Amino acid sequence: MIESIGQTKTEFFHFTDTASPLILGCGETLADFTLAYEMYGELSKDRDNVILLFHALSASQHAAGHTEDVPGLNVNWDKECQSGWWDGFVGPGKALDTDRFCVICANYLGGCYGSTGPGSINPETGQPYGSSFPRVTISDIVDSQIKLLDHFGIEKLHATVGSSLGGMMGLSLATRYPERVGKVVALASGIATSVLQRIHNLEQISAIEADGNFKGGDYYDGDPPERGLALARMIGHKAFISLDTLERRASKIVQDDTEKDNGWYRLRTPTESYMLHQGHKFVRRFDANTYLRIMDAWQSFDLLEEAGFKDYASMFERCSHQQYLIFTIDSDVCYYPGQQEELANAITQGGIAPVRITVHSEKGHDSFLLEPNLYTPHLHFMLGE
(Lines give C-alpha, C1' and ligand atoms only; values in the text may rest on other atoms or scores of the structure.)
Protein backbone atom coordinates (compact mmCIF):
# COMPACT_ATOMS: atom_id res chain seq x y z
CA MET A 1 0.00 0.00 0.00
CA ILE A 2 1.37 3.44 -0.98
CA GLU A 3 1.62 5.77 2.00
CA SER A 4 -0.07 9.14 2.37
CA ILE A 5 1.67 12.25 1.07
CA GLY A 6 2.04 13.38 4.70
CA GLN A 7 1.61 16.83 6.23
CA THR A 8 0.08 19.44 3.95
CA LYS A 9 -1.01 23.06 4.28
CA THR A 10 -3.70 25.25 2.81
CA GLU A 11 -2.45 28.41 1.08
CA PHE A 12 -4.46 31.47 0.04
CA PHE A 13 -4.60 33.37 -3.24
CA HIS A 14 -5.94 36.91 -2.85
CA PHE A 15 -7.30 38.52 -6.00
CA THR A 16 -7.71 42.31 -6.01
CA ASP A 17 -8.30 44.20 -9.23
CA THR A 18 -10.83 47.01 -9.38
CA ALA A 19 -9.94 47.74 -13.00
CA SER A 20 -10.57 44.17 -14.22
CA PRO A 21 -12.79 42.44 -11.65
CA LEU A 22 -14.20 38.94 -11.95
CA ILE A 23 -17.42 39.32 -13.94
CA LEU A 24 -20.10 36.88 -12.78
CA GLY A 25 -22.87 35.32 -14.82
CA CYS A 26 -25.49 37.17 -12.77
CA GLY A 27 -24.05 40.52 -13.90
CA GLU A 28 -22.35 41.40 -10.62
CA THR A 29 -18.60 41.70 -10.19
CA LEU A 30 -16.04 40.71 -7.56
CA ALA A 31 -12.95 42.89 -7.46
CA ASP A 32 -11.70 41.35 -4.22
CA PHE A 33 -11.86 37.64 -3.38
CA THR A 34 -9.77 34.83 -1.93
CA LEU A 35 -9.32 31.21 -3.00
CA ALA A 36 -8.01 28.61 -0.57
CA TYR A 37 -5.89 26.01 -2.35
CA GLU A 38 -3.38 23.24 -1.81
CA MET A 39 -0.54 22.25 -4.11
CA TYR A 40 1.13 18.85 -4.24
CA GLY A 41 4.33 18.10 -6.17
CA GLU A 42 6.78 20.50 -7.80
CA LEU A 43 5.88 22.94 -10.55
CA SER A 44 8.14 22.28 -13.54
CA LYS A 45 10.43 24.95 -14.95
CA ASP A 46 8.17 25.33 -17.99
CA ARG A 47 5.03 25.20 -15.80
CA ASP A 48 3.59 22.51 -18.05
CA ASN A 49 3.06 19.63 -15.59
CA VAL A 50 0.00 20.92 -13.76
CA ILE A 51 -3.17 18.94 -13.07
CA LEU A 52 -6.05 21.09 -11.84
CA LEU A 53 -8.26 18.97 -9.60
CA PHE A 54 -11.87 20.06 -9.07
CA HIS A 55 -13.60 18.80 -5.95
CA ALA A 56 -17.22 17.73 -5.66
CA LEU A 57 -20.17 19.22 -3.78
CA SER A 58 -19.05 19.34 -0.14
CA ALA A 59 -15.32 18.60 -0.29
CA SER A 60 -12.53 21.15 0.04
CA GLN A 61 -9.15 22.20 -1.29
CA HIS A 62 -7.60 19.52 0.93
CA ALA A 63 -7.35 16.57 -1.44
CA ALA A 64 -4.34 14.71 -0.04
CA GLY A 65 -2.28 14.24 3.09
CA HIS A 66 -3.11 15.72 6.49
CA THR A 67 -3.94 19.38 7.04
CA GLU A 68 -4.36 19.96 10.75
CA ASP A 69 -6.10 23.32 10.58
CA VAL A 70 -7.27 26.05 8.22
CA PRO A 71 -7.39 29.48 9.89
CA GLY A 72 -10.32 31.87 9.76
CA LEU A 73 -13.17 29.44 9.05
CA ASN A 74 -16.72 29.85 10.36
CA VAL A 75 -17.25 26.06 10.25
CA ASN A 76 -15.53 23.25 12.12
CA TRP A 77 -12.44 21.80 10.41
CA ASP A 78 -12.98 18.38 11.97
CA LYS A 79 -11.14 15.06 11.66
CA GLU A 80 -13.00 14.21 8.48
CA CYS A 81 -11.78 17.47 6.94
CA GLN A 82 -8.19 16.96 8.13
CA SER A 83 -7.72 13.86 5.99
CA GLY A 84 -7.45 14.49 2.26
CA TRP A 85 -10.64 13.49 0.46
CA TRP A 86 -8.61 11.91 -2.43
CA ASP A 87 -5.62 10.74 -0.43
CA GLY A 88 -5.67 7.36 -2.16
CA PHE A 89 -5.34 9.05 -5.55
CA VAL A 90 -2.84 11.90 -5.03
CA GLY A 91 0.81 11.38 -4.09
CA PRO A 92 4.07 9.76 -5.21
CA GLY A 93 3.31 6.78 -7.46
CA LYS A 94 -0.45 7.23 -7.15
CA ALA A 95 -2.99 7.96 -9.88
CA LEU A 96 -2.09 11.66 -9.81
CA ASP A 97 1.62 11.05 -9.38
CA THR A 98 3.25 13.95 -7.55
CA ASP A 99 6.71 12.72 -8.57
CA ARG A 100 5.73 13.79 -12.09
CA PHE A 101 2.90 16.28 -11.75
CA CYS A 102 2.03 19.37 -9.78
CA VAL A 103 -1.54 18.94 -8.55
CA ILE A 104 -3.56 22.00 -7.55
CA CYS A 105 -6.95 21.83 -5.83
CA ALA A 106 -8.87 24.96 -4.81
CA ASN A 107 -11.98 25.41 -2.72
CA TYR A 108 -14.59 26.84 -5.05
CA LEU A 109 -15.72 30.46 -5.00
CA GLY A 110 -18.72 30.60 -2.67
CA GLY A 111 -17.21 27.89 -0.47
CA CYS A 112 -16.74 27.75 3.28
CA TYR A 113 -13.24 26.33 3.64
CA GLY A 114 -11.22 29.51 3.19
CA SER A 115 -12.42 30.78 -0.19
CA THR A 116 -14.63 33.85 -0.32
CA GLY A 117 -18.25 32.87 0.23
CA PRO A 118 -21.45 33.96 1.98
CA GLY A 119 -19.86 33.56 5.42
CA SER A 120 -16.90 35.79 4.50
CA ILE A 121 -16.67 39.42 5.52
CA ASN A 122 -17.88 41.85 2.88
CA PRO A 123 -15.14 44.52 2.71
CA GLU A 124 -17.73 47.17 1.91
CA THR A 125 -19.84 46.55 5.04
CA GLY A 126 -17.56 44.83 7.53
CA GLN A 127 -20.26 42.17 8.01
CA PRO A 128 -20.69 38.66 6.55
CA TYR A 129 -22.07 38.69 3.02
CA GLY A 130 -24.96 36.38 3.92
CA SER A 131 -27.83 36.83 1.48
CA SER A 132 -25.97 39.59 -0.40
CA PHE A 133 -23.33 37.20 -1.72
CA PRO A 134 -23.95 37.00 -5.47
CA ARG A 135 -25.19 33.95 -7.32
CA VAL A 136 -22.37 31.98 -8.91
CA THR A 137 -22.41 29.59 -11.84
CA ILE A 138 -20.10 26.71 -12.68
CA SER A 139 -18.45 29.06 -15.20
CA ASP A 140 -17.88 31.67 -12.47
CA ILE A 141 -16.15 29.07 -10.28
CA VAL A 142 -13.95 28.08 -13.20
CA ASP A 143 -13.15 31.70 -14.08
CA SER A 144 -12.04 32.38 -10.52
CA GLN A 145 -9.61 29.48 -10.75
CA ILE A 146 -8.31 30.77 -14.08
CA LYS A 147 -7.19 33.81 -12.05
CA LEU A 148 -5.29 31.41 -9.78
CA LEU A 149 -3.58 29.77 -12.78
CA ASP A 150 -2.66 33.19 -14.15
CA HIS A 151 -1.14 34.07 -10.78
CA PHE A 152 1.25 31.10 -11.11
CA GLY A 153 1.96 31.80 -14.79
CA ILE A 154 0.38 28.50 -15.87
CA GLU A 155 -0.68 28.95 -19.49
CA LYS A 156 -1.72 25.37 -20.25
CA LEU A 157 -2.75 22.52 -17.96
CA HIS A 158 -1.50 19.02 -18.52
CA ALA A 159 -4.98 17.94 -17.44
CA THR A 160 -8.12 18.77 -15.56
CA VAL A 161 -9.54 16.06 -13.32
CA GLY A 162 -12.95 16.34 -11.70
CA SER A 163 -15.46 14.02 -10.10
CA SER A 164 -19.21 14.51 -9.85
CA LEU A 165 -19.91 18.27 -9.83
CA GLY A 166 -16.16 18.80 -10.18
CA GLY A 167 -16.29 16.95 -13.49
CA MET A 168 -18.70 19.57 -14.77
CA MET A 169 -16.20 22.26 -13.77
CA GLY A 170 -13.43 20.50 -15.66
CA LEU A 171 -15.61 20.25 -18.76
CA SER A 172 -16.47 23.93 -18.48
CA LEU A 173 -12.82 24.91 -18.36
CA ALA A 174 -11.87 22.60 -21.23
CA THR A 175 -14.57 23.87 -23.59
CA ARG A 176 -14.45 27.55 -22.66
CA TYR A 177 -10.64 27.74 -22.55
CA PRO A 178 -9.68 24.93 -24.96
CA GLU A 179 -6.17 26.26 -25.56
CA ARG A 180 -5.39 25.94 -21.84
CA VAL A 181 -6.12 22.21 -21.43
CA GLY A 182 -4.48 19.09 -22.85
CA LYS A 183 -6.40 16.25 -21.20
CA VAL A 184 -9.78 16.05 -19.50
CA VAL A 185 -10.85 13.43 -16.97
CA ALA A 186 -14.47 13.35 -15.78
CA LEU A 187 -15.48 10.81 -13.15
CA ALA A 188 -19.20 10.12 -12.60
CA SER A 189 -20.26 13.42 -14.10
CA GLY A 190 -22.35 14.83 -16.93
CA ILE A 191 -22.75 17.46 -19.60
CA ALA A 192 -25.88 19.00 -18.08
CA THR A 193 -27.96 18.74 -14.93
CA SER A 194 -30.62 16.05 -15.27
CA VAL A 195 -34.29 16.44 -14.41
CA LEU A 196 -33.95 14.02 -11.51
CA GLN A 197 -30.96 15.93 -10.15
CA ARG A 198 -32.92 19.17 -10.29
CA ILE A 199 -35.73 17.55 -8.28
CA HIS A 200 -33.30 16.19 -5.65
CA ASN A 201 -31.53 19.55 -5.45
CA LEU A 202 -34.79 21.47 -5.07
CA GLU A 203 -35.76 19.23 -2.17
CA GLN A 204 -32.49 20.09 -0.45
CA ILE A 205 -32.79 23.80 -1.16
CA SER A 206 -36.34 23.81 0.21
CA ALA A 207 -35.25 21.99 3.39
CA ILE A 208 -32.71 24.71 4.21
CA GLU A 209 -34.98 27.63 3.36
CA ALA A 210 -37.82 26.17 5.47
CA ASP A 211 -35.66 26.25 8.61
CA GLY A 212 -36.74 29.15 10.82
CA ASN A 213 -33.12 29.97 11.59
CA PHE A 214 -32.29 30.52 7.92
CA LYS A 215 -33.62 34.10 7.93
CA GLY A 216 -33.15 34.53 4.20
CA GLY A 217 -29.46 33.68 4.54
CA ASP A 218 -28.60 36.31 7.19
CA TYR A 219 -28.10 34.06 10.21
CA TYR A 220 -24.45 34.58 11.12
CA ASP A 221 -25.27 36.60 14.23
CA GLY A 222 -27.42 33.79 15.65
CA ASP A 223 -28.13 30.09 15.41
CA PRO A 224 -27.48 28.56 11.97
CA PRO A 225 -30.19 26.57 10.16
CA GLU A 226 -28.88 23.21 11.32
CA ARG A 227 -32.14 21.28 11.01
CA GLY A 228 -32.61 22.35 7.42
CA LEU A 229 -29.01 21.63 6.46
CA ALA A 230 -29.11 18.21 8.16
CA LEU A 231 -32.27 17.31 6.27
CA ALA A 232 -30.75 18.54 3.01
CA ARG A 233 -27.74 16.32 3.57
CA MET A 234 -29.91 13.29 4.27
CA ILE A 235 -31.86 13.92 1.06
CA GLY A 236 -28.63 14.17 -0.93
CA HIS A 237 -26.75 11.37 0.79
CA LYS A 238 -29.15 8.67 -0.37
CA ALA A 239 -28.01 9.29 -3.94
CA PHE A 240 -24.30 9.13 -3.07
CA ILE A 241 -24.15 5.52 -1.89
CA SER A 242 -25.83 2.32 -2.97
CA LEU A 243 -28.54 0.79 -0.81
CA ASP A 244 -26.33 -2.24 -0.15
CA THR A 245 -23.56 0.01 1.14
CA LEU A 246 -26.00 1.98 3.26
CA GLU A 247 -27.25 -1.18 4.94
CA ARG A 248 -23.71 -2.40 5.60
CA ARG A 249 -22.65 0.90 7.13
CA ALA A 250 -25.69 1.18 9.37
CA SER A 251 -25.13 -0.11 12.89
CA LYS A 252 -27.04 -3.19 13.98
CA ILE A 253 -28.33 -1.25 16.98
CA VAL A 254 -30.83 1.61 16.74
CA GLN A 255 -29.13 4.67 18.18
CA ASP A 256 -30.61 7.07 20.70
CA ASP A 257 -32.63 9.55 18.67
CA THR A 258 -32.10 12.57 20.92
CA GLU A 259 -30.55 14.26 17.88
CA LYS A 260 -33.97 14.13 16.24
CA ASP A 261 -35.14 17.37 17.87
CA ASN A 262 -38.09 16.23 19.95
CA GLY A 263 -40.29 15.02 17.12
CA TRP A 264 -43.20 12.62 17.58
CA TYR A 265 -41.68 9.86 15.44
CA ARG A 266 -39.23 7.46 17.05
CA LEU A 267 -36.45 5.76 15.11
CA ARG A 268 -36.93 2.03 14.60
CA THR A 269 -34.18 0.84 12.28
CA PRO A 270 -30.37 1.14 12.01
CA THR A 271 -30.77 2.69 8.57
CA GLU A 272 -32.77 5.58 10.01
CA SER A 273 -30.15 6.11 12.70
CA TYR A 274 -27.39 6.10 10.10
CA MET A 275 -29.08 8.71 7.91
CA LEU A 276 -29.85 10.96 10.87
CA HIS A 277 -26.23 10.71 11.96
CA GLN A 278 -25.03 11.67 8.48
CA GLY A 279 -27.14 14.80 8.56
CA HIS A 280 -26.14 15.91 12.04
CA LYS A 281 -22.41 15.37 11.65
CA PHE A 282 -22.47 17.32 8.36
CA VAL A 283 -23.82 20.54 9.90
CA ARG A 284 -20.74 20.81 12.11
CA ARG A 285 -18.43 21.13 9.13
CA PHE A 286 -20.45 22.94 6.47
CA ASP A 287 -22.30 26.20 5.88
CA ALA A 288 -25.91 26.28 4.70
CA ASN A 289 -25.44 29.32 2.46
CA THR A 290 -22.51 27.66 0.71
CA TYR A 291 -24.64 24.55 0.21
CA LEU A 292 -27.33 26.69 -1.42
CA ARG A 293 -24.85 28.51 -3.68
CA ILE A 294 -23.34 25.33 -5.06
CA MET A 295 -26.80 23.75 -5.43
CA ASP A 296 -27.89 26.82 -7.38
CA ALA A 297 -24.84 26.53 -9.66
CA TRP A 298 -25.59 22.84 -10.21
CA GLN A 299 -29.26 23.52 -10.96
CA SER A 300 -28.50 25.80 -13.87
CA PHE A 301 -25.63 23.90 -15.47
CA ASP A 302 -25.78 23.19 -19.18
CA LEU A 303 -22.34 23.00 -20.80
CA LEU A 304 -23.56 24.03 -24.23
CA GLU A 305 -25.30 27.10 -22.86
CA GLU A 306 -22.46 28.15 -20.54
CA ALA A 307 -19.88 27.78 -23.32
CA GLY A 308 -22.06 29.89 -25.62
CA PHE A 309 -22.58 27.38 -28.42
CA LYS A 310 -25.67 26.13 -30.24
CA ASP A 311 -24.42 22.61 -30.98
CA TYR A 312 -21.92 20.11 -29.60
CA ALA A 313 -20.07 19.73 -32.89
CA SER A 314 -19.03 23.38 -32.96
CA MET A 315 -18.12 23.39 -29.29
CA PHE A 316 -15.94 20.29 -29.31
CA GLU A 317 -14.32 20.95 -32.71
CA ARG A 318 -12.32 23.66 -30.92
CA CYS A 319 -11.12 20.96 -28.51
CA SER A 320 -9.81 18.54 -31.15
CA HIS A 321 -6.31 18.55 -29.60
CA GLN A 322 -7.66 17.35 -26.25
CA GLN A 323 -7.95 13.80 -24.94
CA TYR A 324 -10.96 12.77 -22.86
CA LEU A 325 -11.36 10.01 -20.28
CA ILE A 326 -14.87 9.43 -18.93
CA PHE A 327 -15.63 7.16 -15.99
CA THR A 328 -19.05 5.61 -15.43
CA ILE A 329 -20.00 3.83 -12.18
CA ASP A 330 -22.55 1.15 -12.96
CA SER A 331 -24.30 1.46 -9.56
CA ASP A 332 -24.42 5.28 -9.57
CA VAL A 333 -27.86 6.79 -8.86
CA CYS A 334 -26.61 10.38 -8.59
CA TYR A 335 -25.09 10.67 -12.05
CA TYR A 336 -26.70 7.77 -13.87
CA PRO A 337 -24.65 5.97 -16.56
CA GLY A 338 -26.83 7.50 -19.25
CA GLN A 339 -25.36 10.91 -18.43
CA GLN A 340 -21.84 9.75 -19.30
CA GLU A 341 -23.17 8.19 -22.49
CA GLU A 342 -24.70 11.56 -23.38
CA LEU A 343 -21.36 13.25 -22.64
CA ALA A 344 -19.39 10.80 -24.77
CA ASN A 345 -21.81 11.19 -27.68
CA ALA A 346 -21.50 14.98 -27.49
CA ILE A 347 -17.69 14.84 -27.54
CA THR A 348 -17.77 12.47 -30.51
CA GLN A 349 -19.75 15.06 -32.51
CA GLY A 350 -16.66 17.26 -32.40
CA GLY A 351 -14.50 14.56 -34.01
CA ILE A 352 -12.91 13.42 -30.73
CA ALA A 353 -12.90 9.77 -29.67
CA PRO A 354 -13.21 9.79 -25.86
CA VAL A 355 -12.10 6.84 -23.77
CA ARG A 356 -14.98 5.60 -21.65
CA ILE A 357 -14.47 3.23 -18.72
CA THR A 358 -17.31 1.58 -16.81
CA VAL A 359 -16.38 0.80 -13.22
CA HIS A 360 -18.23 -2.14 -11.69
CA SER A 361 -18.81 -1.28 -8.04
CA GLU A 362 -21.31 -1.94 -5.27
CA LYS A 363 -20.56 1.42 -3.64
CA GLY A 364 -22.57 3.72 -5.89
CA HIS A 365 -21.59 7.31 -6.67
CA ASP A 366 -19.02 7.42 -3.84
CA SER A 367 -16.96 4.73 -5.54
CA PHE A 368 -14.73 7.48 -6.96
CA LEU A 369 -13.79 8.37 -3.37
CA LEU A 370 -13.44 4.88 -1.95
CA GLU A 371 -11.89 2.59 -4.57
CA PRO A 372 -8.71 4.08 -6.07
CA ASN A 373 -7.60 0.66 -7.33
CA LEU A 374 -10.48 0.66 -9.85
CA TYR A 375 -9.41 3.97 -11.39
CA THR A 376 -5.64 4.23 -10.97
CA PRO A 377 -4.51 2.07 -13.96
CA HIS A 378 -6.71 4.05 -16.35
CA LEU A 379 -5.64 7.39 -14.89
CA HIS A 380 -1.97 6.39 -15.14
CA PHE A 381 -2.46 5.49 -18.79
CA MET A 382 -4.29 8.70 -19.71
CA LEU A 383 -2.20 11.15 -17.70
CA GLY A 384 1.12 9.50 -18.44
CA GLU A 385 0.97 9.53 -22.22
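The values are calculated or read from the model by the stated rules, or taken from the named source; none is laboratory data. All of these numbers come straight from a predicted model, not from anything done at the bench. Because the Cβ atoms are built from the backbone with ideal geometry, glycine has one as well, and the counts that use them run over all protein chains shown.
Across the stretch 340-350, not a single residue is classified as over 21 Å from N201 (Cα atoms), in contact with a helix residue (DSSP H, G or I) (Cβ under 9 Å, 6 or more places away or on another chain) and assigned to a strand (DSSP E or B). For the stretch 87-108, the count of residues that are on the phi > 0 side of the Ramachandran plot and part of a strand (DSSP E or B) is at least one. Looking only at residues of the stretch 6-29 that are touching a Pro at 6+ places or on another chain (Cβ under 6 Å) and surrounded by 15 or more Cβ atoms within 10 Å (Cβ to Cβ), we find that the one that is nearest to D97 (Cα to Cα) is L24. Of the helices (runs of 4 or more DSSP H) lying entirely inside the stretch 258-319, the ones with 1 or more residues being modelled with pLDDT of 95 or more and hydroxyl-bearing (S, T, Y) are found at 288-299, 312-317.
When we screen E68, E42, E80 for residues that are in a helix (DSSP H, G or I), on the phi < 0 side of the Ramachandran plot and touching a residue at least 12 places away in the same chain (Cβ under 8 Å), the only hit is E80. When the criteria are applied in full, G190 meets the requirement of being in the same structural domain as S172 (by TED's automatic domain parsing), out of contact with any Asp or Glu (no Cβ under 6 Å at 6 or more places or on another chain) and part of a loop (DSSP other than H, G, I, E, B).
Restricting D287, D296 to residues that are buried (at least 23 other Cβ atoms within 10 Å of the Cβ) and not assigned by TED's automatic domain parsing to the domain that holds P134 narrows the list to D287. Considering only residues in the stretch 58-72 that are touching a Gly at 6+ places or on another chain (Cβ under 9 Å) and surrounded by fewer than 19 Cβ atoms within 10 Å (Cβ to Cβ), the one that is modelled with the highest pLDDT turns out to be H66.
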